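Read through the structure below, which is laid out as structure tokens, and then see the notes.
The values are calculated or read from the model by the stated rules, or taken from the named source; none is laboratory data. Computed from a predicted structure; not experimentally measured. Note: ideal-geometry Cβ built from the backbone for every residue, glycine included; neighbour counts use all protein chains shown.
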Amino acid sequence: MLLKRVITALVLLPPVLATLWFGSTPLVGAVFGAAAMLAVLEWGTLTGVRRGGAGAVGSYVAAAAVLTALTVWLRQTALPWVLVIGTCAWWLVMLAWITRFPAGFDDTHPPRWLKAGAGLLVIPGTIAAVALLHGAPDGAMRLLFAFVLVWAADVGAYFAGHALGRRKLAPQVSPGKTWEGVYGGLALSLVIAAAAGAWLFRLEGAAWPPFLLLCAAVVLLSIVGDLGESLLKRQAGAKDSGSLLPGHGGMLDRIDSLLAALPALALGLRWLEL
């Protein structure tokens, strides 16, 4: 499984980096937005949209596509920030839901319409964050930092969890995750954050503590994104969101952490005026 994950990541990494580095912000938004529509389809499947037939699925994906396109096109207006704030709020609601699981294990709690509707907020909101980060000064590097921060958390959690994991984080939602994995992921990601703070953001003095706290909060929220998608899969009786990516599952399985992390980072950097 690990070998498949590594191979898939190595195949995907060059086009991702090329798009970030050489693409304009509208192109980056369009490319990532198009890929995100696969995640929209998977989100809809997990939350019962398919039960409404092909017409419901088509309308669902079309609505997400239109909203995503508008956030990229109108990225200099308030619309992307509204979606980013709403997305962050959703993941805080999801955190409360995760802590109550398995109460309401039935997939009608919360209602299917609410979970399906969240997909129309969360995924366009994430692409809004992509466009906002990429459109800022040193945007390609900012967006790459966001990805690497989350990837480092995943890698640190994987190895620390396998080597030291004892205490389960959320056994009813994702039995494989441990608190030790959380600490390992947080430690590695803060190393990345420290390097970015010195080199990319050129922080000095009092600017360091809030920046590192922001990065820690982003990493913790990325875990909520991962657990939130796991919860949707539990309620839907699915092991993976799809089978598109060998070793990873579906597109949603690959980007679940990013769905929570990118909007939080974009909002936090704006708040810190970085």
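Points to keep in mind about this one:
Listed here are the residues, each with its yes/no results for (1) under 30 Å from K115 (Cβ atoms); (2) out of contact with any Cys (no Cβ under 7 Å at 6 or more places or on another chain); (3) touching a residue at least 12 places away in the same chain (Cβ under 8 Å).
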site	(1), (2), (3)
L190	no, no, yes
A196	no, yes, yes
P210	no, yes, yes
C215	yes, yes, yes
L221	yes, yes, yes
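- Residue satisfying condition, being within 25 Å of L13 (Cα to Cα) and of a type in the set (A, V, I, L, M), within set A217, A196, A236: A196
- Test set (1) under 22 Å from T126 (Cα atoms); (2) surrounded by fewer than 20 Cβ atoms within 10 Å (Cβ to Cβ) - G176 fails condition number: (1)
- The set of residues in segment 48-68 being outside any helix (DSSP H, G or I) and loosely packed, with under 14 Cβ neighbours inside 10 Å consists of G53 alone.
- Options T71, T126; residue that is touching a residue at least 12 places away in the same chain (Cβ under 8 Å), in a helix (DSSP H, G or I), within 14 Å of L259 (Cα to Cα) and hydroxyl-bearing (S, T, Y): T126
- Checklist (1) under 18 Å from R270 (Cβ atoms); (2) of a type in the set (A, V, I, L, M); (3) out of contact with any helix residue (DSSP H, G or I) (no Cβ under 6 Å at 6 or more places or on another chain) applied to L203, failing item: (3)
- Among the numbered conditions (1) surrounded by fewer than 18 Cβ atoms within 10 Å (Cβ to Cβ); (2) farther than 30 Å from F22 by Cα, the only one that S241 does not meet is (1).
Residues are listed down the side, and each one gets a yes or a no for (1) crowded, with 22+ Cβ neighbours inside 10 Å; (2) outside any helix (DSSP H, G or I):
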position: L133; (1), (2): yes, no
position: A136; (1), (2): no, yes
position: L144; (1), (2): no, no
position: F147; (1), (2): no, no
position: V155; (1), (2): no, no
position: H162; (1), (2): no, no
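- Selection status of I98, of a type in the set (V, I, T) and over 30 Å from A18 (Cβ atoms): yes
- In segment 105-121, the condition of being over 25 Å from L169 (Cβ atoms) and in contact with a Lys or Arg (Cβ under 9 Å, 6 or more places away or on another chain) is met by at least one residue.
- In the set T87, T178, only one residue is touching a Ser or Thr at 6+ places or on another chain (Cβ under 7 Å) and among the polar types (S, T, N, Q); that residue is T87.
- Residue in segment 228-236 that is touching a helix residue (DSSP H, G or I) at 6+ places or on another chain (Cβ under 6 Å) and under 21 Å from L144 (Cβ atoms) present: no
- Among the residues of segment 180-218, those identified as not charged (D, E, K, R) and not in a helix (DSSP H, G or I) are L200, F201, L203.
- Evaluation of P175 against (1) touching a Gly at 6+ places or on another chain (Cβ under 6 Å); (2) not in a helix (DSSP H, G or I); (3) not polar (S, T, N, Q) (one fails), failing number: (1)
- Output for segment 7-34, where each listed residue is in a helix (DSSP H, G or I) and either modelled with pLDDT of 90 or more or polar (S, T, N, Q) (or both): T8, T19, T25, P26, L27, V28, G29, A30, V31, F32, G33, A34
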